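> Have a look at the structure that comes next, please.
The values are calculated or read from the model by the stated rules, or taken from the named source; none is laboratory data. The structure displayed is predicted, hence computed values, not measured ones. Note: ideal-geometry Cβ built from the backbone for every residue, glycine included; neighbour counts use all protein chains shown.
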Amino acid sequence: MIYLNNAATSHPKPARVVAAVMRSLTQPPREAGRSSGGGNALEDLRQSLARLFNVARPDHIALLPSATYALNLVIQGLARPGSHVITSCYEHNSVLRPLYHLRQRQGIEVTYLTPEECTVEKIDAALTGHLRDTTSLIVLTHVSNVTGAVLDVRQVARIAAQRGIPVVIDGAQGAGTVPVDHRSLPGTVYYCFAGHKVLMGPAGTGGVVLPDDRLPQMIFGGTGVLSVLENHPETLPLRHEAGTPNHSGFEGLLEGVRFLQEDGVSALYAYKKELIEHFVEGSQGLPRVRLVPNLSDTHGTGIVSFYLEGASPQEMAMVLSDSFGIEVRAGLHCAPLVNGALGLPARGTLRVSTGAFTTHDEIDSMLGALGALSSLM
Ligand SMILES: Cc1ncc(COP(=O)(O)O)c(C=O)c1O
């Protein structure tokens, strides 16, 4: 099977990730609950992630079940009832749905930046133009899971910092794809990440880099420590980590982050750029194949979407899978506003997304299959 759906979840996982999960499931737990001290996998993982994201304080990284969970925690904790929030048409439902929920329940108003407004040339003016006195939050995706476009997080942080507005970045696709230098970002930036994509961990892992300890607590309960207290601990990271953590998942994620750091984020970016450029060049001469523009020209994110004029992306994906053994993703990719904003077909697109183990031969196979399908129709 040729797996070109790494933006959904990375596959295969490195052998060391699989071994770490197996080890944690077959050996007695290193600790039954958790201790507040160091020397365990969770603290090792926080250290590794702090190096990856250049975070001054590892305890400012909360380890959570997913990027979606982290985004909910932060968005619901920060958006003031009745206030205004700026987001974009690129957003995944993990951002859109919490915002729809707050619009219905708490009367927030939402402005959606267009893909064009999210470009490096336009973002400054777009944000400045849309900011209101009532704006309480800016929530934007770092890397679009549909087009692979990259947001200039530093520019967003700078403009928001001038007005004292917190920024939430959906780094589900950005973490491990493009360097994150959290320590040097101005203002208050919450960086939410997924563990099971570029960071190579198992599903059910993710978290958030917190700029400070002011995010209100949303989830309360068992932590394994300070049991005598009525209140959930208020200090980071336990402040936002309730319940028994996903130990085996985080053991795997620790090895995934170590794997990524061996060659480094920039080397992986350069490799994925080669692969996507290979695909883009090879698909250009094919009849009826239309590539979705990546408005920031950042092929190293490893993501490209396209469609075949007149063909259903869902049927195409099925044929690619059944007849050619190639897995891609079809449809709206959980980001339903992108299609309309870019004038794409209502049924969505096909997405090729590469990973650390994708090869040029696999891209050739994909191009061969696409060539056969486009000339058949
Ligand atoms: C841009 C984006 N945001 C959020 C998510 C959700 O991440 P998680 O699976 O960790 O909840 C995804 C995953 O598909 C994504 O691509």
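> Could you please let me know if residue 97 is surrounded by fewer than 22 Cβ atoms within 10 Å (Cβ to Cβ), more than 14 Å from residue 337 (Cα to Cα) and basic (Lys, Arg)?
Taking the combined requirement at face value, the residue does not satisfy it.
> With 159, 169 as the choices, which residue is more than 26 Å from residue 357 (Cα to Cα) and within 11 Å of the ligand (Cβ to nearest atom)?
When all the criteria are applied, what remains is 169.
> Over 16 Å from residue 73 (Cα atoms), out of contact with any Leu (no Cβ under 9 Å at 6 or more places or on another chain), in contact (Cβ under 8 Å) with a residue 60 or more places away in the chain and surrounded by fewer than 21 Cβ atoms within 10 Å (Cβ to Cβ): is that true of residue 178 in this structure?
Criteria met by residue 178.
> Another question, if that's okay. Among the residues of region 256-283, count how many are within 23 Å of residue 342 (Cβ to Cβ) and touching a strand residue (DSSP E or B) at 6+ places or on another chain (Cβ under 8 Å).
Total meeting the criteria: 4.
> Here's another thing I want to ask about it. Specify which of the listed residues (187, 174, 148) is over 17 Å from residue 62 (Cα atoms), touching a helix residue (DSSP H, G or I) at 6+ places or on another chain (Cβ under 6 Å) and within 16 Å of the ligand (Cβ to nearest atom).
Step by step, each of 187, 174, 148 is checked, and only 148 is over 17 Å from residue 62 (Cα atoms), touching a helix residue (DSSP H, G or I) at 6+ places or on another chain (Cβ under 6 Å) and within 16 Å of the ligand (Cβ to nearest atom).
> Related question: Please tell me if residue 295 is surrounded by 15 or more Cβ atoms within 10 Å (Cβ to Cβ), outside the structural domain of residue 143 (by TED's automatic domain parsing) and part of a helix (DSSP H, G or I).
no
> Let me ask something else. Quick check on my filter: what residues within region 110-125 are farther than 22 Å from residue 343 by Cβ and in contact with a helix residue (DSSP H, G or I) (Cβ under 7 Å, 6 or more places away or on another chain)?
124
> If you don't mind, there's one more thing I want to ask. State whether one or more residues within region 327-334 are within 15 Å of residue 1 (Cβ to Cβ) and hydrophobic (A, V, I, L, M, F, W, C).
yes
> Please give the number of the condition residue 2 fails out of (1) away from the ligand (no atom under 16 Å from the Cβ); (2) surrounded by fewer than 22 Cβ atoms within 10 Å (Cβ to Cβ); (3) assigned by TED's automatic domain parsing to the domain that holds residue 253; (4) not acidic (Asp, Glu).
Going through (1) away from the ligand (no atom under 16 Å from the Cβ); (2) surrounded by fewer than 22 Cβ atoms within 10 Å (Cβ to Cβ); (3) assigned by TED's automatic domain parsing to the domain that holds residue 253; (4) not acidic (Asp, Glu) one by one, residue 2 breaks only (3).
> May I ask you to say which residue of 196, 240, 182 is more than 19 Å from the chain's Cα centre (by Cα) and either more than 12 Å from the ligand (Cβ to nearest atom) or not basic (Lys, Arg) (or both)?
240
> Name the pairs: first residue in region 125-151 and under 16 Å from residue 110 (Cβ atoms) and among the hydrophobic types (A, V, I, L, M, F, W, C), second residue within 12 Å of the ligand (Cβ to nearest atom) and assigned to a loop (DSSP other than H, G, I, E, B), Cβ to Cβ under 6 Å, at least 6 apart or on different chains?
140/151
> Can you name every one of the helices (runs of 4 or more DSSP H) wholly within region 58-132 that holds 2 or more residues which are closer than 30 Å to residue 223 by Cβ and within 16 Å of the ligand (Cβ to nearest atom)?
The qualifying helices (runs of 4 or more DSSP H) are 67-78, 93-106.
> Being without any contact (Cβ under 8 Å) to a residue 24 or more places away in the chain, touching a helix residue (DSSP H, G or I) at 6+ places or on another chain (Cβ under 8 Å) and surrounded by 14 or more Cβ atoms within 10 Å (Cβ to Cβ), is that true of even one residue in region 102-109?
Checked region 102-109: no residue is without any contact (Cβ under 8 Å) to a residue 24 or more places away in the chain, touching a helix residue (DSSP H, G or I) at 6+ places or on another chain (Cβ under 8 Å) and surrounded by 14 or more Cβ atoms within 10 Å (Cβ to Cβ).
> Something else about it: Within region 205-223, can one find any residue that is within 16 Å of the ligand (Cβ to nearest atom), surrounded by 23 or more Cβ atoms within 10 Å (Cβ to Cβ) and in a loop (DSSP other than H, G, I, E, B)?
Checked against the condition, which is being within 16 Å of the ligand (Cβ to nearest atom), surrounded by 23 or more Cβ atoms within 10 Å (Cβ to Cβ) and in a loop (DSSP other than H, G, I, E, B), region 205-223 yields at least one hit.
> Quick one: in region 328-339, of everything that is buried (at least 18 other Cβ atoms within 10 Å of the Cβ) and in a strand (DSSP E or B), which residue is nearest to the ligand (Cβ to nearest atom)?
329
> Could you tell me which of the residues 125, 157, 194 is surrounded by fewer than 24 Cβ atoms within 10 Å (Cβ to Cβ) and touching a Gly at 6+ places or on another chain (Cβ under 7 Å)?
So the residue among 125, 157, 194 that is surrounded by fewer than 24 Cβ atoms within 10 Å (Cβ to Cβ) and touching a Gly at 6+ places or on another chain (Cβ under 7 Å) is 157.
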